[in-house]
Amino acid sequence: MTTPATRHVFVYGTLRRGEVRDITRLQPAPVFVGMASVAGRLYDLGSYPGLLLGGANRVTGEIYAISAELERLLDEIEEVWPLQTGEYRKREVEVQREGAGSAAGPVCLVYEIDASRLAGCPVITSGDWRLRTPAS
């Protein structure tokens, strides 16, 4: 009997450990793999962030190994399945593991914000949701 292939997900905002939608509280439980970053820019949408992939900036997050069941639950949370709102789209990107120099990490699922949703949203210049500064 073979075991199902494990996928990886990169979480950068409210799904990070200790945040309001902490992925570690979901079932089936994910397995923490490590800290990482991706090329992109992070935006503050109020109570949650949006990641726009690409460019020279880096966005910090966490990698988790997940099951197909948990992937389906994450798709529901990010509203890419079964009803698509168009706010996020699911992508696959190669991440850079923290402490790995320039070595690439695993290919991870990431939920990228649709650029049309970013009008007037401030950039989180640190690239880290946890280091954001509250709006004044």
Please say if region 47-89 is rounded, prolate or oblate, where rounded means a/c under 1.5 for a ≥ b ≥ c the square roots of the C-alpha gyration tensor eigenvalues, and otherwise the choice is prolate for a/b larger than b/c and oblate otherwise? oblate
Answer in debye to the nearest 20: the dipole magnitude of the chain about its Cα centre, from +1 Lys/Arg and -1 Asp/Glu charges placed on Cβ, is 260
Given backbone amide H placed at 1.01 Å from N, residues whose amide H is under 5 Å from that of GLY40, ignoring those fewer than 5 places away on the same chain, are GLY54, ASN57, ARG58, VAL59
3J(HN,Hα) from dihedral phi, region 106-117, Karplus parametrisation 6.51/-1.76/1.60, rounded to Hz, x for glycine, proline: x, 6, 10, 6, 9, 9, 9, 6, 6, 4, 5, 8
Cα pair distances in the chain, grouped into 5 Å bins until the bin that holds the longest one, percent each: 2, 10, 20, 24, 22, 13, 6, 2, 1, 0, 0, 0
Helix 68-77: inclination vs the chain longest Cα principal axis, degrees, rounded to 10, gives 20
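For GLN27, what charge total do you get from the other residues with a beta carbon under 14 Å from its beta carbon, if Lys and Arg give +1 and Asp and Glu give -1?
-1
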Pop out the ³J(HN,Hα) list for region 8-21 in order, Karplus 6.51 cos²θ - 1.76 cosθ + 1.60 with θ = phi - 60°, rounded to Hz; leave Gly and Pro as x. 10, 10, 9, 10, 10, x, 6, 8, 5, 3, x, 8, 4, 10
Three principal axis extents, largest first, for the C-alpha atoms of region 1-56, in Å? 44, 26, 15
Hull-based mean projected area of region 53-118, where the convex hull spans the alpha carbons, in square nanometres: 5.2
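Rule-based calculations on the coordinates, nothing more; no lab input. Only a predicted model underlies this, so the values are computations on that prediction, with no experimental measurement involved. A quick note on method: Cβ atoms are made from the backbone with ideal geometry, for glycine too, and the neighbour counts reach across all protein chains shown.
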